[in-house]
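The values are calculated or read from the model by the stated rules, or taken from the named source; none is laboratory data. What you are looking at is a predicted structure, and each value in this text was computed from that prediction instead of being measured. All Cβ positions, even for glycine, are placed from backbone atoms using ideal geometry, and neighbour counts span all protein chains on display.
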Amino acid sequence: MLLTLSHAIDTLNGWFGRIANVLILLACVVSAGNALLRYGFSLSDNWPLELQWYLFGAAVMLGASYTLRQNGHVRVDLIYGHVSDRARLWIDIFGLVFFLLPACTLFAWLSWKTLFLPSWDILEHSSNAGGLPRYPIKFILPLGFFMLMLQGVSELIKRFAALHGDVQLDTHYERPEQ
């Protein structure tokens, strides 16, 4: 049952990963269009610049859980590259339980309570002329941390299942060339 939950979380974050990819492309298109209008036609406005920031910020927040799913986060190789696969699973479990899950829980709650809700209550908009509403992008922060927390739960389930021999995880670590 827990592996089914893990698979559902992985699938959901797969969708968020694809959305993050599209958001990066859109941020590039908006950036190029803004540069063309600004330098080619001397036309400028604040909303394209803000939109570019919003798209990039949303891509980072929504892509973080997908990156964890893909085992793509950076690790500091002090111990990890020198131990067995089983020890790597335990190191991952330790990091998930004592660092990732508490931090994501705290950041999701704080960003919901102190950033999104006050912004939503007043339907906050940018103070720049022609600026965009701010409350939608502020919602992305707690959503991104919540999805990263969910992916952490999925990774925890998979690591415990691997320790019990129920699944095979690739814990292979290749040390960089010196």
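Overview of results
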read-out	value
Qualifying residue in segment 71-85 (condition: touching a helix residue (DSSP H, G or I) at 6+ places or on another chain (Cβ under 9 Å) and at pLDDT 90 or above)	no
Looking only at segment 13-56, and only at residues there that are within 16 Å of the chain's Cα centre (by Cα) and surrounded by fewer than 17 Cβ atoms within 10 Å (Cβ to Cβ), the one that is nearest to ASN128 (Cα to Cα)	TRP53
Verdict on TRP120 being within 18 Å of the chain's Cα centre (by Cα) and in a helix (DSSP H, G or I)	no
Scan of segment 1-37 for residues that are in contact with a Ser or Thr (Cβ under 8 Å, 6 or more places away or on another chain) and hydrophobic (A, V, I, L, M, F, W, C), ordered by number	LEU5, ILE9, PHE16, LEU37
